[in-house]
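Engineer: Quick one: the structure is below, and I'll ask about it shortly.
The numbers here are math on the coordinates, done by the rules we state, and not lab data. All figures in this text were calculated on a predicted structure; none of them were measured in a lab. Counting neighbours? That spans all protein chains shown, and the Cβs are built from the backbone with ideal geometry, glycine included.
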Amino acid sequence: MMRSMFAGVSGLRSHQTMMDVVGNNIANVNTAGYKSAQVTFEETLAQTLQGPAGAGTSRGGTNPLQIGLGVKVASIDGVFTQGATQVTGRPTDLAISGEGFFMLELEGERVYTRAGSFRWDESGNLVAPGGYLVQGWTADDQGNIATQTAVSQINLPLSQVIEPVETSVVNVGGNLSADTLVGGGHTTSIVTYDSLGDSHELLITFDKTGANSWGVSAEMDGNALTLSTTTALFDTNGNLTSPSTISLSGYTPAGADPIAIDIDLAGGAPIVQFGGGSTAESFDQDGNAIGFLSNFSIAENGTISGQFSNGETKVLAMVATATFNNPSGLIRNGKTHFQSSTNSGAALIGEPGSGNRGLVAGGALEMSNVDLAQEFTNLIIAQRGFQANSRVITASDEVLSDLVNLKR
């Protein structure tokens, strides 16, 4: 009778643990990045009253007589199924679609999380709540990222700029009308940049000097420029025969390097001479003014790209993710953080989307994967299990009471 009572006590303890786990799951139903847990029971030791016996020539075999001594919690395992994605609109909020964890570090302690509620701090660090630094790789000046190197904190100074690029090539294309009379002309203009990033308007003028022949001149900010050649020639089919490029020089903006620009007449859209109107224009140039970081975006592979005020885009950094051979072996640290353990395996670090790592969704958070319908069912199961075991204790107590009250 004492065995039944102790078995009932073990059942109460085990089902109380199940209630604790279910209650924690329900409490975190709206916790971003939370992964639910589930309890598995197993029987404890069994007391053997009589061992088994094999069959003989004149008797049959007998089975062992054993009485179980109760139940215990075998494991509390994490459930790492995908949670629903909630769009937040905050560009620094990140959600992983698939496997993997974000990597965070604080004072040398590294933890892992599925909760991607990040923000920029005053120093330009990408941080999680509590001041944890998000780990990844920072791009070099050319925008290249070495994912084979060690990860570190992601830092994007808000004062970051793209240096100006001096214009070296201007592309001119389109049609110079063959119907233009000698002495007529056509002018096109484009904004170019000097070595300091200051803008200057370049005017290029084509004057018809004869059949299939055009004179070329140029000026910048009202200053006439020196050209390597001043004549453009076409064949009878309207195609440019010479020159393919005209070099401009002869002007030095204040404080900048002397102007040295090549006019490309035979590039992707070469200049031609056909009938109809004159449409020739300077459609492109390779210079830029200085650019200030004005915005950023995060791609599905974790790449952080900055948009600058001069219209340029540059890769600045990449968020790293890590996977584990056994995610259920991770240790929960609170704050929706996990820590690696001897049974989780080492963190396999890489860029999102590579290997079995999931892709990153910017402007969204992964919500809790708690299934309320399942948790309410487990709540009922735990409650009924607790009640049933309490009845075992009550019944055992009544039997003991009857035994004590026996009279001679």
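Engineer: Cut-off 10 angstrom, C-alpha nodes, Gaussian network model of the chain. Which of Phe292, Phe101, Phe376 fluctuates the most?
Structural biologist: Phe376
Engineer: Same structure, new question: Can you list the aspartates and glutamates whose alpha carbon sits under 13 Å from that of Lys72, skipping same-chain ones fewer than 8 residues off?
Structural biologist: Within the straight-line limit of under 13 Å, Lys72 reaches these aspartates and glutamates: Glu42, Glu43.
Engineer: I've got another one for you. For the range 294-311 and the range 25-103, write down the distance between their C-alpha centroids in whole Å.
Structural biologist: Centre-to-centre (Cα) distance: 44 Å.
Engineer: Of Gly276, Val172, Leu225, which is farthest towards the positive pole of the range 169-285's charge dipole, taken about the Cα centre with +1 and -1 on the beta-carbons of Lys, Arg and Asp, Glu respectively?
Structural biologist: The listed residue farthest towards the positive side: Gly276.
Engineer: Still on this structure: Treat the range 127-189 as a sphere of radius equal to its Kirkwood radius over Cα pairs and apply Stokes-Einstein at 10 °C in a medium of 1.306 mPa s; give the translational diffusion coefficient in µm²/s, rounded to a whole number. Write down the numbers at each step before the final one.
Structural biologist: Working: Rh = 17.7 Å.
Roughly 90 µm²/s, to the nearest whole number.
Engineer: How big is the shadow of the Cα convex hull of the chain, averaged over all directions, in nm²?
Structural biologist: Details: hull surface 154.3 nm².
Mean shadow area of the hull around the Cα atoms is 38.6 nm².
Engineer: What Kirkwood hydrodynamic radius, in Å, does the range 169-285 give when the mean of 1/r is taken over all pairs of distinct Cα atoms and then inverted?
Structural biologist: Values: mean 1/r = 0.0697 Å⁻¹.
Kirkwood radius, the range 169-285: 14.3 Å.
Engineer: Could I ask something else about it? Say the dipole of the range 12-100 comes from +1 at the beta carbon of Lys and Arg and -1 at that of Asp and Glu; which of Gln47, Thr85, Thr57 then lies farthest toward its positive end?
Structural biologist: Among Gln47, Thr85, Thr57, the one farthest towards the positive end of the dipole of the range 12-100 is Thr57.
Engineer: Also: Between Asn356 and Ser217, what length comes free when the chain is fully extended (0.36 nm per residue of separation minus the Cα-Cα distance, one decimal in nm)?
Structural biologist: Working: separation 139, 0.36 × 139 = 50.04 nm, distance 6.06 nm.
Full-extension gain reported as 44.0 nm.
Engineer: Please determine, in degrees from 0 to 90 and to the nearest 10, the orientation of helix 372-404 with respect to the longest principal axis defined by the Cα atoms of the chain, where the helix direction is its Cα long axis.
Structural biologist: 20
Engineer: A follow-up question, please. Nothing charged except the Cβ atoms of Lys and Arg (+1) and of Asp and Glu (-1): what's the magnitude of the dipole of the range 169-285 about its Cα centre? Round to the nearest 20 debye. Spell out each step's value before the answer.
Structural biologist: On the way: 1 positive and 13 negative charges, 77 e Å.
Roughly 360 debye, rounded to the nearest 20.
Engineer: Then there's this: Output the 0 to 90 degree angle, nearest 10, between the alpha-carbon long axis of helix 2-27 and the longest principal axis computed from the alpha carbons of the chain.
Structural biologist: Computed tilt is about 20 degrees.
Engineer: Given R₀ = 25 Å, FRET efficiency for Asn333-Thr81 by Cβ-Cβ distance, to 0.05?
Structural biologist: On the way: r = 21 Å, r/R0 = 0.82.
My answer for the efficiency is 0.75.
Engineer: What would the Debye equation give as log₁₀ I(q)/I(0) for the range 1-148 at q = 0.11, 0.14 Å⁻¹, counting only Cα atoms as equal point scatterers?
Structural biologist: -0.69, -0.87
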